[in-house]
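The values are calculated or read from the model by the stated rules, or taken from the named source; none is laboratory data. All values reported here derive from a predicted model rather than from experimental measurement. Please note: Cβ atoms are built from the backbone with ideal geometry, for glycine as well, and neighbour counts cover all protein chains shown. Remember, those area values only see protein heavy atoms, side chains included, never the ligands or the DNA or RNA. Shrake-Rupley method; radii C 1.70, N 1.55, O 1.52, S 1.80 Å.
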Amino acid sequence: MRNTIYSIILLSYFFANAQKIDLELASDVFPPFTNISSEKSFAIELVNEALKRGNVKANTSINSFEAVLDGINAKKYDGSAALWKTTDREDYMIFSDPYLENRLVLVGRKGSDVSAKTFSDLKNKKIAIIGGYAYGASVYTSLDIVIVQGKNDQENLEKLLSFKTDYMLVDELLISYLLTYQLNDVTKFLEIGKNPLITKPLHLAILKSKEGAEKIIQDFNLNIKEMIKDGSYHDILELNWIQYDADGDGTLELVSNNSNSGEEAPVNYYRLMSENSLVNETERYLIDGEIYNSWQGIPEKYKQNILDAAKLNSNGDSGLRLKF
């Protein structure tokens, strides 16, 4: 009997390890989504955790964006943890469901008008963007604006502050962290727009030629949904609340990261996706697996005082900084 049990355990061990898959992924530096290992990389962390739950180990190399795409095409890499979907990329890669969203807002020098809702409102203005990114045809073909390409947000900020450009496009999530950890610098030097000029869903993408690619993507999609429900998604992003269609009925819910939801209804939260088809006509909260249609309807046991998510960081600092 003892030998039989031992054999079963041994076979299970070898079977589990035989099923494990390694992925070689690549990304460029795009804080706070992708970065070198010593810096915050929310997209890479989310992808690694979701893949790990599907028994897939991902190794991510950081390179220039051009080198990332060239490496994928040359099959040096199996794909990327964070890509925008384009028609040509879909020809050779399988894309996951969106798991994050890049919402790019207008940033100008202090005193600038950042109320523009479309690029047509920015006639003759110089706008800094990161070179090589698939912002969309509206950016590159607009005759009303002058596009200035930089290597990263830091370079674009330097161009803005030295009056080489009028504006720069910056991701909303990065702005939220700058307002948390560099509030004095941001309020002193910058004006921040509230209307996203570009919204781009972020995906995990894997080469179609990679063995088991479809299964990896299917498992990844399911694991991301589970991470949102169990709060591990929030923990990685250091957020208390996420607005998301958790039950797939087309209506958004505010999803708590755990059973301690706070004494008052949340005012600040991160909208995971913002498709026009989704509506939020009523208050809906998902807490500990249950949906409540109003804040008043949530049991008092959940309304406990909780620390701000940013303060839960052991260092008290997001590590995301721009030099002013």
Run the quick spin-label model on GLU211 and THR87: label points 7 Å from Cα toward the beta carbon, then report their separation in nm to one decimal. 3.5
Can you tell me the equivalent ellipsoid semi-axes for the stretch 29-83? Use √(5λ) from the Cα gyration tensor, largest first, whole Å. 18, 15, 8
Hits among lysines - C-alpha to C-alpha of LYS75 under 18 Å, sequence gap 8 or more where chains match: LYS57, LYS208, LYS210
Summing +1 per Lys or Arg and -1 per Asp or Glu among the other residues with Cβ less than 13 Å from ALA26's Cβ gives -3
If each residue of separation counts as 0.36 nm, what is the full-extension length gain between ASN124 and LYS52 once their alpha-carbon separation is subtracted? 21.1 nm
State in Å² the accessible area per residue of the stretch 29-169; use a 1.4 Å probe, count heavy atoms of protein chains only, and round to the nearest integer. 46
Gain in length, PHE324 to ALA265, computed as 0.36 nm per residue apart minus the alpha-carbon separation, to one decimal in nm? 17.7 nm
Roughly how many percent of the accessible protein surface of the stretch 159-260 is carbon and sulfur, given a 1.4 Å probe and a whole-percent answer? 49
Within the stretch 151-194, list the chymotrypsin sites (Phe, Trp or Tyr not before Pro) lying in a DSSP loop whose Cβ has at most 15 other Cβ atoms in a 10 Å radius. PHE163
Taking the stretch 45-127, which trypsin sites (Lys or Arg not before Pro) meet the DSSP loop condition and have no more than 15 other C-beta atoms within 10 Å? LYS75, LYS76, LYS110, LYS117, LYS123
Carbon plus sulfur fraction of accessible area for the stretch 16-148, probe 1.4 Å, in percent: 47
Which chymotrypsin sites (Phe, Trp or Tyr not before Pro) does the stretch 32-138 hold that lie in a coil by DSSP with at most 14 other beta carbons within 10 Å? TYR92
Among all the aspartates and glutamates, which ones have a C-alpha under 17 Å from LYS323's C-alpha, if same-chain residues fewer than 8 places away are not counted? GLU39, ASP153, GLU155, GLU158, ASP171, ASP185, GLU191
Evaluate the distance, in nm, between pseudo-label points positioned 7 Å from the Cα of SER37 and of LYS75 along their respective Cα→Cβ axes. 2.7
